[in-house]
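Undergrad: Here it is, the structure, as structure tokens.
The values are calculated or read from the model by the stated rules, or taken from the named source; none is laboratory data. Please read all numbers here as calculations on a predicted model, not as lab measurements. Neighbour counts are summed over all protein chains in view; Cβ atoms, including those assigned to glycine, are modelled from backbone coordinates with ideal geometry.
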Amino acid sequence: MNDIRNNWTREEIAEIFDRPLLSLVLDAAMMHRKYHTFGEVQISSLLSIKTGGCSEDCGYCPQAARYQTGVKVEALMQLDEVLVAAGKAKAGGASRFCMGAAWRQVRDNSDFDRVLEMVKEVNKLDLEVCCTLGMVNEYQAQRLADAGLYAYNHNIDTSAEHYHEVITTRTYDDRLNTIANVRKAGISVCSGGIIGLGETNDDRIGMLHTLATMAMHPESVPVNALVPVEGTPLAENKKVSFDELVRMIATARIVMPNSAVRLSAGRLELSLAEQAMCFMAGANSIFAGDKLLTTPNPEFNADMEMFRILGLKPKAAFADGHPVKRQAEVNSMEHEPC
Ligand code: SAM
Ligand code: DTB
Ligand code: SF4
């Protein structure tokens, strides 16, 4: 049977998800080896270009204005500061630079113009540029693509059924619409979710089902473990155990064989051996750097030591080509006289 499918049933995904853990990891490792260079890990670096003060009520998020989390609200960063951070990320081996803004949605104003400048300038550093700015319409997605944006991160976070338990200020369909707008603009899609939001295994399977039945799978699938932050409604949630994370990663790897599965937030809680199991289960991307957006991440040197011990190699930028350029080629071929 073809490995790359978008007609998965929930039952088929559940059957994979429920396999004994080590069998599941072995199956995922074999799928990983078939579609990727084993041991090659993409390094992304994150920068919060606009921190805090967000109008949304995402129950996990330290940047929501309505929760007292101690995150200081900051205006949109200046272009030159962003370029310094991007240069440092590149020097540290990152191939992707992701800029995050605590916005509900993009607005057509001077802040967006500045973000477009950031995209253009970071692109010149030969980094894959990624943004996560909240909801975007078709026109805004096209402007980002025109500026040279490589990828857009927009997580579906959990299952359609559980979504309203965590977020009430927007709907699951709003998220899916933005992802469709990004896809239409030819930008690489980065979309995954968080475990530890009080969801059931059925919700985890439902989230993977939504992603794996998209007409095109997201090129990147971040799997975050909730980083509980004091002041947020989910601060006291039960800690995600490492086997739950491995199970999620391995199932994602099997149902979306070609995608990069990113072991994302929550790595600070994992030992080296636990992270090794995540890589074995098909994770082939991480966020590196001492900070995620507002919460801590493993020290850069500790990650480099982990790469050395496990024999991991950083993946080069643009190893999979540039989606916007690929799209432009397809468009120009469509217009060639036959
Ligand atoms: N505001 C934009 C949005 O919501 O799409 C972009 C930034 S938002 C912080 C990006 C993603 O970070 C969220 O979709 C969520 O999946 C993840 N995230 C936020 N807080 C988190 C936490 N405490 N633990 C794990 N992941 C978190
Ligand atoms: C994603 O899936 N995880 C990253 C990135 N995409 C933007 C964000 C994690 C944020 C964790 C909480 C924080 O540092 O504020
Ligand atoms: Fe705002 Fe994004 Fe945080 Fe939700 S996840 S509160 S939209 S910054």
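Undergrad: Right, Leu208: out of contact with any helix residue (DSSP H, G or I) (no Cβ under 6 Å at 6 or more places or on another chain), modelled with pLDDT of 95 or more and on the phi < 0 side of the Ramachandran plot or not?
TA: no
Undergrad: Within the stretch 289-300, does at least one residue satisfy the condition of being surrounded by 15 or more Cβ atoms within 10 Å (Cβ to Cβ) and of a type in the set (Gly, Ala, Ser)?
TA: Checked the stretch 289-300: at least one residue is surrounded by 15 or more Cβ atoms within 10 Å (Cβ to Cβ) and of a type in the set (Gly, Ala, Ser).
Undergrad: From the list Arg247, Arg253, Arg308, which residue is among the basic types (Lys, Arg), buried (at least 24 other Cβ atoms within 10 Å of the Cβ) and more than 15 Å from ligand 2 (Cβ to nearest atom)?
TA: It is Arg253.
Undergrad: If I ask for residues that are touching a Phe, Trp or Tyr at 6+ places or on another chain (Cβ under 9 Å) and either modelled with pLDDT under 95 or assigned to a strand (DSSP E or B) (or both), which ones from the stretch 253-262 would you list?
TA: Arg262
Undergrad: So, one more: Name the residues in the stretch 86-109 that are in contact (Cβ under 8 Å) with a residue 24 or more places away in the chain, aliphatic (A, V, I, L, M) and more than 23 Å from Cys54 (Cα to Cα), would you?
TA: Answer for the stretch 86-109, where residues must be in contact (Cβ under 8 Å) with a residue 24 or more places away in the chain, aliphatic (A, V, I, L, M) and more than 23 Å from Cys54 (Cα to Cα): Ala86, Ala89, Ala94.
Undergrad: Checking Ser44 against (1) in contact with a strand residue (DSSP E or B) (Cβ under 6 Å, 6 or more places away or on another chain); (2) modelled with pLDDT of 95 or more; (3) in a loop (DSSP other than H, G, I, E, B); (4) of a type outside the set (Val, Ile, Thr), which test does it fail?
TA: Only one criterion in (1) in contact with a strand residue (DSSP E or B) (Cβ under 6 Å, 6 or more places away or on another chain); (2) modelled with pLDDT of 95 or more; (3) in a loop (DSSP other than H, G, I, E, B); (4) of a type outside the set (Val, Ile, Thr) is unmet by Ser44, namely (3).
Undergrad: With the checklist (1) touching a helix residue (DSSP H, G or I) at 6+ places or on another chain (Cβ under 7 Å); (2) away from ligand 1 (no atom under 14 Å from the Cβ); (3) modelled with pLDDT of 95 or more; (4) of a type outside the set (D, E, K, R) in hand, flag the one item Gly92 doesn't pass.
TA: (3)
Undergrad: Continuing with the same structure: Based on this model, can you work out whether Phe307 counts as in contact (Cβ under 8 Å) with a residue 12 or more places away in the chain and assigned to a helix (DSSP H, G or I)?
TA: It is true that Phe307 is in contact (Cβ under 8 Å) with a residue 12 or more places away in the chain and assigned to a helix (DSSP H, G or I).
Undergrad: Read through the list (1) surrounded by fewer than 13 Cβ atoms within 10 Å (Cβ to Cβ); (2) of a type in the set (Lys, Arg); (3) farther than 19 Å from Leu293 by Cβ, then give the number of the only condition that Arg19 fails.
TA: Exception for Arg19: condition (1).
Undergrad: Out of all the residues in the stretch 134-162, which are within 16 Å of ligand 3 (Cβ to nearest atom) and of a type in the set (Ser, Thr, Tyr)?
TA: The answer is Tyr152, Thr158.
Undergrad: Within the stretch 270-295, which residues are assigned to a strand (DSSP E or B) and closer than 29 Å to Leu21 by Cα?
TA: Scanning the stretch 270-295 gives Ala283, Asn284, Ser285, Ile286, Phe287, Ala288.
Undergrad: Can you pull out the residues in the stretch 78-123 that are among the β-branched types (Val, Ile, Thr) and either within 18 Å of the chain's Cα centre (by Cα) or within 16 Å of ligand 3 (Cβ to nearest atom) (or both)?
TA: Hits for the stretch 78-123 are Val106, Val115, Val119.
Undergrad: Pick out the one residue from Ala250, Ala180, Ala265 that is outside any helix (DSSP H, G or I) and of a type in the set (Gly, Ala, Ser).
TA: Ala265
Undergrad: Test Gly148 against the criterion of being of a type outside the set (Asp, Glu), more than 16 Å from ligand 2 (Cβ to nearest atom) and either closer than 20 Å to Leu211 by Cβ or more than 18 Å from the chain's Cα centre (by Cα) (or both), and give yes or no.
TA: Here the answer is yes, as Gly148 does meet what is asked.
Undergrad: Tally the residues that are part of a loop (DSSP other than H, G, I, E, B), in contact with a strand residue (DSSP E or B) (Cβ under 8 Å, 6 or more places away or on another chain), over 16 Å from Phe287 (Cβ atoms) and of a type in the set (A, V, I, L, M), restricting the search to the stretch 126-153.
TA: Total satisfying the criteria: 3.
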